[in-house]
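Following this message is one structure expressed as structure tokens.
The values are calculated or read from the model by the stated rules, or taken from the named source; none is laboratory data. Since this is a predicted model, take the numbers as computed values, not measurements. Reconstructed Cβ throughout: ideal geometry from the backbone, glycine too, with neighbour counts over all protein chains shown. All accessible areas refer to the heavy atoms of the entire protein, side chains included, with ligands and DNA or RNA removed. Shrake-Rupley method; radii C 1.70, N 1.55, O 1.52, S 1.80 Å.
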Amino acid sequence: MFSDFIAKHEGIQVRNLLLIVLSILLLMGFRASIPDYFPQPHHPLPDARNDSMLIYLGKQLFHDPILSRDSSISCASCHSQYNAFAHSDHPLSHGINDRIGKRNAPALMNLAWLDEFMWDGGSFSLEAQTLVPLTTDHEMDNDPNIIVTKLQQHSEYPEYFLLTFGDTTITIARILRAIATFERTLISKNAKYDSVMQGIATFTDQESRGYALFKQHCNTCHTEPLFTNGSFANNGLPIDTVLNDVGRFAITHDSSDIRHFKVPTLRNLLYSFPYMHDGRFKRLRDVIKHYSQNIDNEDELSDILFSLRLSDNQETDLLAFLHALTDKTFIFNASYSTYKVTQ
Ligand code: HEC
Ligand code: HEC
């Protein structure tokens with residue numbers, strides 16, 4: 001395949017070709033196999049053999065600031081691998097020209113199991129979701145036609161599209177498909193919790209006590225093993241009167257959805273701070289304190305949160321369990337990272 005490609009496209013730089021080959025070899029290591037205690041994904045997982053070039057292209061695009069209007073910011077600027085594909089240095093996202101958004105960037109993982117995206121569920125597919133940051137003024141502020149033109153004029157992208165799709169045509173649909181395919185490879189399944197589920201590790205006493213508390217108070221919404229049930233809920237956060245974010249209500253206009261937000265996964269929390277839709281908590285302990293002491297009971301809350309009170313020791317046990325959801329192989333997985341394409 002590659003020798004044919006070189007013969008046809010002598011122009012491609014040997015360095016780039018080598019990088020593609022290396023990267024694809026790494027991607028081959030991506031095994032779509034999922035542990036038997038995971039539910040079936042709702043959307044097909046990418047196939048490392050057939051989709052390797054599509055995943056590679058999506059990965060390049062995800063990391064490339066060329067997609068933003070002034071080529072200053074990429075998807076990865078807000079969704080950095082070392083923060084479990086969230087951002088860490090500020091509560092609300094910062095887009096081009098440092099324009100501040102209205103929400104905290106969520107961590108991205110195990111997305112093939114989800115049907116609705118965004119804190120309010122405003123997007124129904126990963127492909128459709130991708131168009132939002134590309135065009136939103138406080139994110140990448142670009143125009144689909146300009147994105148296509150910029151990639152057509154780029155020294156390497158036409159070749160990547162040729163390798164991926166069999167011709168050099170660049171369309172927004174192909175761009176969205178590639179990025180969404182890459183995102184579906186972001187699978188976290190190697191935390192200590194997973195080793196315990198597979199019978200190759202055991203929880204410490206403290207983690208076990210935390211797990212019991214978790215199952216009692218948290219699992220209805222943050223359902224294992226994905227640690228989200230994919231639904232929307234009110235977890236009793238006192239209202240932020242500045243942002244006044246009504247959450248899912250803005251999408252459904254159903255009054256029972258007021259201030260309901262997407263239940264986020266709890267995998268890799270150690271890396272994905274700050275927390276909540278508005279990034280109001282910097283530390284995990286602050287989140288636990290919220291649940292154990294500061295729940296705003298004025299709204300309709302599920303009984304499970306209404307009555308929740310934890311002692312200091314229980315808080316520490318729960319924290320220990322949440323730490324066991326840290327998956328370093330995900331955070332440091334080389335097949336997710338890339339070199340910068342844009343000169
Ligand atoms: C300026 C920062 C920023 C940039 C750039 C950005 N995002 Fe986001 N992303 C966010 C924020 C903030 C949210 C939550 C938005 C909301 O709920 O309204 C989000 C949400 C998402 C979600 C939904 C995740 C979920 O679990 O619901 C996905 C997927 C995503 N972004 C992928 C991307 C991709 C792909 C790109 C590049 C094309 C990108 N993002 C660029 C900040 C950013
Ligand atoms: C009724 C459903 C529900 C229950 C029960 C629940 N949560 Fe949540 N949790 C949510 C929702 C919804 C959010 C997001 C809220 C927001 O951002 O406004 C959230 C957010 C979080 C976050 C922040 C994650 C992030 O990436 O920002 C953590 C950590 C968390 N919950 C831990 C827990 C723990 C620990 C328990 C048990 C003590 C628990 N939750 C019980 C619904 C729930």
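Across the range 192-326, how large is the tail of the calculated P(r) beyond 20 Å, expressed as a percent of all Cα pairs?
Of the Cα pairs, 46 percent sit more than 20 Å apart.
On to the next question. Kirkwood hydrodynamic radius, computed over distinct alpha-carbon pairs, for the chain: how many Å, to one decimal?
21.4
Report the net charge of residues surrounding residue 57, where surrounding means a beta-carbon distance below 11 angstrom and charges are Lys +1, Arg +1, Asp -1, Glu -1.
Net local charge, residue 57 excluded: -1.
Going through the range 32-73, which trypsin sites (Lys or Arg not before Pro) have at most 16 other Cβ atoms within 10 Å and a DSSP loop state?
Loop-located and lightly packed - 49.
Which trypsin sites (Lys or Arg not before Pro) in the range 74-158 pass both tests, a DSSP loop state and at most 15 other beta-carbon atoms within 10 Å?
When the trypsin sites (Lys or Arg not before Pro) of the range 74-158 are filtered for loop state and at most 15 Cβ neighbours within 10 Å, 99, 102 remain.
Sort 38-44, 319-325, 137-143 by the packing proxy (mean of other Cβ within 10 Å over each peptide's residues), most packed first.
319-325, 137-143, 38-44
Which value at 222 nm does the chain reach when only helices count, each DSSP H run of 4 or more adding -39,500 (n - 2.57), with the total divided by all residues and rounded to the nearest 500 deg cm²/dmol?
-11000 deg cm²/dmol
Express the accessible area of the chain per residue in Å², computed with a 1.4 Å probe while the remaining protein chains stay in the model.
For the chain, the solvent-accessible area averages 46 Å² per residue.
Still on this model: Please list, ordered by chain and number, the residues whose modelled amide H lies under 5 Å from the amide H of residue 247; skip anything fewer than 5 residues away on the same chain.
Excluding prolines and chain starts, which carry no amide H, the hits are 259.
Calculate the translational D of the range 129-263 in whole µm² s⁻¹ from Stokes-Einstein, where the hydrodynamic radius comes from the Kirkwood formula applied to all Cα pairs, the temperature is 37 °C and the viscosity 0.692 mPa s.
It diffuses with D of about 169 µm²/s by this estimate.
Here's a follow-up. Summarise the accessible area of the chain (1.4 Å probe, protein heavy atoms) by the percent that is carbon and sulfur.
54
Taking Cα centroids, how far is the range 254-331 from the range 107-166 in Å?
30
A further question follows. Compute the angle between helix 205-217 and the longest alpha-carbon principal axis of the chain, please, reported from 0 to 90 degrees and rounded to the nearest 10.
80
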